[in-house]
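All remarks here apply to the structure that follows.
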Amino acid sequence: FTAALTPLCRSLVHLALKRQEAGADDFLIQYNANANLPSPFAMTTRLLVVSSNPYLGDGRGAASLRLLKVMHQNIHPFLGQRWETTMPMLLEYLDEHTEESLSLKEWEEKLLMFLRDTLAVVSDNIWICQLSQEMCKQLPSYSGTPQEKNFLYKCIGTTLGAASSKEVVRKHLRELLETARYQEEAEQEGLACCFGICAITHLEDTLAQLEDFVRSDVFRKSTGIFSIFKDRS
């Protein structure tokens, strides 16, 4: 139902603002009473990733970011004030450009900067680790959209870079190496970016995982992976 994202997000923003005007509770969604709803981590990941290609579907980037902004209290209680400042800057940037004039590379960097800033404001290792877990879980959903999957890899690297749990960082890096589709160029690049971004703060752990992987059975059994690594000592 990706094609319905823009009108759906706009409708949800409208409903959320009406509830807030009516003096509803700060929390728009009671997750405990609605077990089948996506978690704040799932919603954040999805809306951020689809924003990376912002003009598709009649402007789904702006619609997704506006929904994220109005849901800030449900995402994390600390985010409201900061997002009041950072979110309008992203929306203004989209207004100033068109699909033809926008540099996707620059836009992705702005979104990653927004993500880094969000993680710094939250500053909660458990929350950050839960977000990274959800991001990894959603990777297979983007197999048909390589640009978005590439961006999600960068988001994972950014989120793992903000995590203080070395055990979680190593676990996710190991799983990414074992499950990546190395025959796809966009995925190779996305994985490389993920490891590069993560290594800024976790260099030793990142190198250790790469070394362990090169010695592993998974690596030895895959000629596809071997052909990528063999000439790049």
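Mind listing whichever residues of region 89-103 are exposed (fewer than 14 other Cβ atoms within 10 Å of the Cβ) and assigned to a helix (DSSP H, G or I)?
If the condition is that a residue be exposed (fewer than 14 other Cβ atoms within 10 Å of the Cβ) and assigned to a helix (DSSP H, G or I), then Met89, Glu92, Asp95, Glu96 are the ones that fit.
Can you tell me which residues in region 29-68 are β-branched (Val, Ile, Thr), assigned to a loop (DSSP other than H, G, I, E, B) and under 13 Å from the mean Cα position of the chain (by Cα)?
None; the set is empty.
Hey, can you tell me all the residues within region 104-136 that are charged (D, E, K, R), more than 21 Å from Arg82 (Cα to Cα) and crowded, with 18+ Cβ neighbours inside 10 Å?
Glu134
So which of Glu187, Glu148 ends up being touching a Lys or Arg at 6+ places or on another chain (Cβ under 6 Å), farther than 22 Å from Val122 by Cα, in contact (Cβ under 8 Å) with a residue 12 or more places away in the chain and of a type outside the set (Val, Ile, Thr)?
Glu187
Give Arg181, Arg220 a once-over and let me know the one that is at pLDDT below 95, farther than 26 Å from Asp124 by Cβ and touching an Asp or Glu at 6+ places or on another chain (Cβ under 6 Å).
Arg181
The values are calculated or read from the model by the stated rules, or taken from the named source; none is laboratory data. Because the structure is predicted, anything quoted here is derived from the model rather than measured. Quick reminder, even Gly has a Cβ in these numbers, built from the backbone with ideal geometry, and neighbours come from all protein chains shown.
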